[in-house]
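Engineer: One structure, pasted below without further comment.
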Amino acid sequence: MNEVRTMTRDDIDAVAAIRVSGWRAAYARIVPQPYLDAMDAEADAERRRGWFDEGNGRVDNLVSAEGGEPTGWAALGPYRGEQDGGEVGELYAIYVRPDHIGKGAGRALMAAVRARAAERGFRQLRLWVLADNEPARRFYTRAGFGPDGTDQIEMYDDVPLKELRYAAELD
């Protein structure tokens, strides 16, 4: 059973490992392999410790856990795009350990993300997904998100990759 809780400082190393392994699993054959190979969980953890210690309260970090061990991580906060009066939130990231994909951790995290976003007063939640990441797009669609017609190009090792913005209304 996946419980979802607020991330603690003690979770940072596990979250960094989840993020790096999640990227490598989700973006293989999409993002250039040298970019993925250069990712380093220890460096990610060190950056994350700095952000965590600064803790400005704008970002909610949640972990799914099984037996106390993190199996997934999600981060959400205010939308980083155009000003919206504070009513639009953004799911910045959601990753599940590759060996836990399909076991409910992602669904549990997404339910918690939506609930936390609603608690924060967001009326809509947005996210960005690589256009070529079909499994993620299916996951987001099942979670009630859909493309809103906005896209952008992000560069990964000088390779342009299209991202689509998805949105979901919150109850």
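Engineer: Quick one: in the stretch 137-163, which of the residues that are hydroxyl-bearing (Ser, Thr, Tyr) and not in a helix (DSSP H, G or I) is surrounded by the most Cβ atoms within 10 Å (Cβ to Cβ)?
Structural biologist: Selected residue: 156.
Engineer: Scan 53, 44 and give me the residue that is more than 25 Å from residue 167 (Cβ to Cβ) and either of a type in the set (Ser, Thr, Tyr) or crowded, with 19+ Cβ neighbours inside 10 Å (or both).
Structural biologist: Step by step, each of 53, 44 is checked, and only 44 is more than 25 Å from residue 167 (Cβ to Cβ) and either of a type in the set (Ser, Thr, Tyr) or crowded, with 19+ Cβ neighbours inside 10 Å (or both).
Engineer: Related question: For the stretch 120-136, give me the residue count where each residue is over 16 Å from residue 154 (Cβ atoms) and outside any loop (DSSP other than H, G, I, E, B).
Structural biologist: Looking only at that region, the number is 4.
Engineer: Checking the structure you have, find out if any residue of the stretch 95-110 is assigned to a strand (DSSP E or B), in contact with a Phe, Trp or Tyr (Cβ under 7 Å, 6 or more places away or on another chain), at pLDDT 95 or above and not polar (S, T, N, Q).
Structural biologist: Looking through the stretch 95-110, at least one residue is assigned to a strand (DSSP E or B), in contact with a Phe, Trp or Tyr (Cβ under 7 Å, 6 or more places away or on another chain), at pLDDT 95 or above and not polar (S, T, N, Q).
Engineer: Cβ contacts < 6 Å: first residue without any contact (Cβ under 8 Å) to a residue 40 or more places away in the chain, restricted to the stretch 129-141; second residue part of a helix (DSSP H, G or I) and among the basic types (Lys, Arg), any location; separation 6+ or different chain. Result?
Structural biologist: Listed by first residue and then by second, the contacts come to 129/137.
Engineer: Which residue is surrounded by the most Cβ atoms within 10 Å (Cβ to Cβ), if the candidates are limited to the stretch 66-77 and must be in contact with a Gly (Cβ under 7 Å, 6 or more places away or on another chain) and touching a residue at least 40 places away in the same chain (Cβ under 8 Å)?
Structural biologist: Taking the candidates together, the pick is 72.
Engineer: Assuming residue 97 fulfils every condition listed in (1) surrounded by fewer than 18 Cβ atoms within 10 Å (Cβ to Cβ); (2) over 25 Å from residue 148 (Cβ atoms); (3) among the basic types (Lys, Arg) apart from one, which condition is it?
Structural biologist: (1)
Engineer: Continuing with the same structure: Residue check, residue 68 against (1) farther than 18 Å from residue 122 by Cα; (2) in contact with a Leu (Cβ under 8 Å, 6 or more places away or on another chain), all met but one. Which one?
Structural biologist: The failed condition is (2).
Engineer: With respect to residue 166, determine if the residue is outside any strand (DSSP E or B), surrounded by 13 or more Cβ atoms within 10 Å (Cβ to Cβ) and either in contact with a helix residue (DSSP H, G or I) (Cβ under 7 Å, 6 or more places away or on another chain) or of a type in the set (Ser, Thr, Tyr) (or both).
Structural biologist: No.
Engineer: Working only within the stretch 25-65, note down all residues that are part of a helix (DSSP H, G or I), over 22 Å from residue 120 (Cα atoms) and touching a residue at least 40 places away in the same chain (Cβ under 8 Å).
Structural biologist: Selection gives 25, 26, 34, 35, 49.
The values are calculated or read from the model by the stated rules, or taken from the named source; none is laboratory data. Every value quoted in this text rests on a predicted model; they were computed, and no experiment measured them. Here the Cβ is made from the backbone with ideal geometry for all residues, glycine too, and neighbour counts use every protein chain on show.
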